[in-house]
Amino acid sequence: MAVYTEVTDDALTQFLERYAIGRVVAFRGIAEGVENSNYALRTTTGDFILTLYEKRVDPAELPWFLGLMEHLAAKSLPCPLPVRARDGANLNPLAGKIAAITTFLPGIWPRRPTAAHCAPLGEALARLHRAGADYPAERVNALGPHGWRPLLDRCGPGADQVQPGWRGELATALIDILAQWPQTLPCGQIHADLFPDNVFFLDGVISGLIDFYFAATDFFAYDIAICLNAWCFEADLSFNITKSRALLRGYQDIRPLSEAEIAALPVLCQGAAIRFLLTRLYDWINTPEGALVTRKDPMPYYRRLRFHAQTRSAADYGL
């Protein structure tokens, strides 16, 4: 679930007095998501999302995230638009946390993505990269390559308790990945977490890209690699090259990849796989029993990592 902080009726009423969006009509917690407390909010003027930021989000970085969302929305990208209060602030205190209201985006995320989903996803990702090109502020990707070894170290012996031999095997994989990691590729603002549950579709068209709280300044092609991992493996963890080809073609219709980006795709996919393997592994080891969060199994990303380690070129992804 994703409601860690309860909001009373009185607190909500006082909070909304800061905004010119009318009175509360309906208010309920949203179970999906793992990072923040999210509520669906309906007022007399429309539908909104209320987010209370929990401990894993640095409050000092919130203006960057919300500023990026405003920038992208102004470029007609279908992402939530932060709602500003009467005094112009888009962040305000609520129930002991920092909170924001954003516009509601209609649509449903695909539980079983197909190639028909992957082509428009690729287009939308390329449009996001282009739209963010003139967003001047930068944010270092805290979960980029420099953060992977410290994350594995923090997992400690617990890695071997989840899967015997993992600690050494993952350390070796990291050495290989980091040795091949490119130093100069086209970069800019990336989403870095564009999983199916962060993409809404309505009548076959993407109606919303949400959850920008892992966004950062990094290689565009690394963002593609994250999507290939998230969208192009089946339930049995086999790789679906038809989906991959559709995603990459959709992307290149909007923003053609450079030769260097294409050549780097296999190692970028390995990096994306180990990034999510490590964060899931860390949470699996360190989330206490009874915590109000569903741990995600790291094993599927280990299987992805092994697939990518066997690829030889972008041709294995349909290019």
Specify the residue that is surrounded by the most Cβ atoms within 10 Å (Cβ to Cβ); the eligible residues are those in the stretch 175-205 that are among the acidic types (Asp, Glu) and at negative phi. Asp193
Given the criteria touching a Leu at 6+ places or on another chain (Cβ under 7 Å) and either among the β-branched types (Val, Ile, Thr) or assigned to a strand (DSSP E or B) (or both), does Gly208 qualify? yes
In the stretch 87-140, residues that are under 18 Å from the mean Cα position of the chain (by Cα), closer than 21 Å to Leu185 by Cβ and surrounded by fewer than 20 Cβ atoms within 10 Å (Cβ to Cβ) total 5
Taking the condition of being without any contact (Cβ under 8 Å) to a residue 40 or more places away in the chain and surrounded by 18 or more Cβ atoms within 10 Å (Cβ to Cβ), how many residues in the stretch 46-61 meet it? 0
Scanning for something surrounded by fewer than 17 Cβ atoms within 10 Å (Cβ to Cβ) and closer than 26 Å to Ala179 by Cβ, does the stretch 275-295 turn up at least one residue? no
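Considering each of Leu174, Leu248, Leu228 in turn, give the residue that is in contact with a Phe, Trp or Tyr (Cβ under 8 Å, 6 or more places away or on another chain), more than 17 Å from Glu123 (Cα to Cα) and not in a loop (DSSP other than H, G, I, E, B). Outline the logic, then answer.
Details: Leu248 fails: more than 17 Å from Glu123 (Cα to Cα); Leu228 fails: more than 17 Å from Glu123 (Cα to Cα).
Testing whether each residue is in contact with a Phe, Trp or Tyr (Cβ under 8 Å, 6 or more places away or on another chain), more than 17 Å from Glu123 (Cα to Cα) and not in a loop (DSSP other than H, G, I, E, B) leaves just Leu174.
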Since Thr13 meets every condition but one in (1) assigned to a loop (DSSP other than H, G, I, E, B); (2) of a type in the set (S, T, N, Q); (3) on the phi < 0 side of the Ramachandran plot, which condition does it not meet? (1)
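No lab work stands behind these numbers, since they all come straight from the coordinates. Small disclaimer: the values here were computed from a predicted structure and weren't measured. Virtual Cβ from ideal backbone geometry, glycine too; neighbours counted across all protein chains shown.
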